[in-house]
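Here's the structure we're looking at; comments come further down.
The values are calculated or read from the model by the stated rules, or taken from the named source; none is laboratory data. Because the structure is a prediction, the values reported are computed rather than measured. Note that we place each Cβ from the backbone using ideal geometry, even for glycine, and neighbour counts take in every protein chain shown.
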Amino acid sequence: MSKSAKKKLSKWLDENIPHYFQNKGTLIDLIEVIAEATIPIRGLLERGITSREIEHRMNIVEPTYPSINVYDEEQIHEDILTHGIILQAIKERGKKYLYIASEESDPVLGEGVFGITIDPVDGSSNVVVNRTVGTIVGIHNKQGDMVCAFYVLYGIFTNLIIAINGKVAEFVLDTSPYSMTFYHYVFQELKELPDLSRGGIRCMGGDPLNWSAKCIKYQEDLIQNKFINRYSGSFVGDFHAILHYGGIYSYFSLTKPKIRFYYEWLPLAFIAITLGGKFLAIGDSEDPDRIRTIDDFPPLKLQNIADLHTKTCGGVVGNKKAVDLFLSL
């Protein structure tokens with residue numbers, strides 16, 4: 001892409017969100033602020049030696065009471081710090097919000113018109129082994145409907161994938177040395193899900209020993225249909241690979257699933273569905289094969305955010321053809 005073809009994220013949003021879109025300017029401002037906050041997160045993650053590595057290398061005694069999030073998972077330093085970076089960026093820029101739900105046990109409530117869900121470092125357990133991680137963001141209106149979803153992937157290069165107003169676009173962080181401005185995201189291309197005429201990839205999480213017979217059969221059918229195993233342990237990283245190769249990401253569990261619906265499943269499902277893909281929530285505490293769609297989950301509103309934001313479920317997301325294989329079993 002030539003230098004003259006570069007278009008900043010804010011400019012692209014202004015051109016691709018219609019003027020009649022309610023609170024258009026506020027929405028663009030929030031997206032811009034959060035996107036800019038991911039730039040120092042990228043710098044933090046690429047420094048090479050993480051806080052956990054330092055603990056191992058220097059035999060630092062771990063705290064007696066480690067920080068535990070609302071899912072009974074230990075928060076590593078990167079989780080806590082990146083959450084703080086995004087939260088502080090929104091507050092310092094004076095942007096109003098309805099709520100901000102992230103690593104804190106209680107959502108931060110405000111008086112704005114858009115609610116924000118953030119997974120600051122999705123796949124944070126991958127940090128210590130230098131695998132791909134990312135930030136996942138969902139933006140909801142006052143009615144609780146998602147109006148925008150995007151993620152930032154921190155890899156060899158840093159890119160942002162956003163779904164809004166029926167389009168999915170990819171932006172790349174411009175770090176070119178000739179730039180006289182601060183780093184910013186520039187438009188690369190509109191995205192499409194590849195067709196699956198020649199197979200795709202399967203990224204299947206969870207312990208197969210804890211899968212139901214139906215879930216095991218689903219994997220067998222995918223293998224027979226030449227879906228190649230590419231599971232990495234990073235939901236956002238695997239989902240990005242699906243946008244390139246086509247296929248599915250799934251997480252099945254007979255016990256309590258760990259993937260959060262409103263932080264992880266919903267934003268990435270919103271992107272997939274915008275591209276013509278499909279999402280199914282699979283299983284609950286009573287039936288490991290129970291099937292639900294997005295419409296079976298309540299909208300995330302200010303009034304119910306404290307009760308709903310921690311909900312988890314299993315599921316499968318990706319190309320419609322591949323997801324529909326599960327429905328055929």
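A few remarks follow.
- Every condition in (1) out of contact with any helix residue (DSSP H, G or I) (no Cβ under 7 Å at 6 or more places or on another chain); (2) in contact (Cβ under 8 Å) with a residue 40 or more places away in the chain; (3) surrounded by fewer than 22 Cβ atoms within 10 Å (Cβ to Cβ); (4) more than 14 Å from Val323 (Cα to Cα) is met by Leu209 except one, and the failing one is (2).
- Matching entry among Asp221, Asp174, Asp195 (being among the charged types (D, E, K, R), in the same structural domain as Thr38 (by TED's automatic domain parsing) and farther than 30 Å from His309 by Cβ): Asp174
- Comparison of Tyr97, Tyr65 shows that the only residue that is in a loop (DSSP other than H, G, I, E, B) and either at pLDDT 75 or above or in contact with a helix residue (DSSP H, G or I) (Cβ under 8 Å, 6 or more places away or on another chain) (or both) is Tyr97.
- Matching residues in the range 221-273 - criterion: being part of a loop (DSSP other than H, G, I, E, B) and over 25 Å from Ser285 (Cβ atoms): Asn225, Lys226, Phe227, Arg230, Ser232, Ser234, Gly246
- Total residues in the range 1-23 satisfying the condition of being assigned to a helix (DSSP H, G or I) and modelled with pLDDT of 90 or more: the figure is 8.
- Of all residues making up the range 278-291, the number that are surrounded by fewer than 24 Cβ atoms within 10 Å (Cβ to Cβ) and part of a loop (DSSP other than H, G, I, E, B): 7
- From the options Val236, Val186, residue that is modelled with pLDDT under 95, surrounded by 19 or more Cβ atoms within 10 Å (Cβ to Cβ) and in the same structural domain as Ile291 (by TED's automatic domain parsing): Val236
- Hey, Ile86 of a type in the set (Val, Ile, Thr), out of contact with any Gly (no Cβ under 6 Å at 6 or more places or on another chain), at pLDDT below 75 and surrounded by 16 or more Cβ atoms within 10 Å (Cβ to Cβ) or not: no
- Tallying residues that are out of contact with any Gly (no Cβ under 6 Å at 6 or more places or on another chain) and either surrounded by 15 or more Cβ atoms within 10 Å (Cβ to Cβ) or under 15 Å from Ser253 (Cβ atoms) (or both) within the range 292-321 yields 15.
- Consider the range 199-231 and keep the residues that are of a type in the set (Lys, Arg) and under 22 Å from the mean Cα position of the chain (by Cα). The one that is nearest to Lys256 (Cα to Cα) is Arg202.
- Test: Asp296 is in contact (Cβ under 8 Å) with a residue 12 or more places away in the chain, under 16 Å from Gly206 (Cβ atoms) and of a type outside the set (Phe, Trp, Tyr): no
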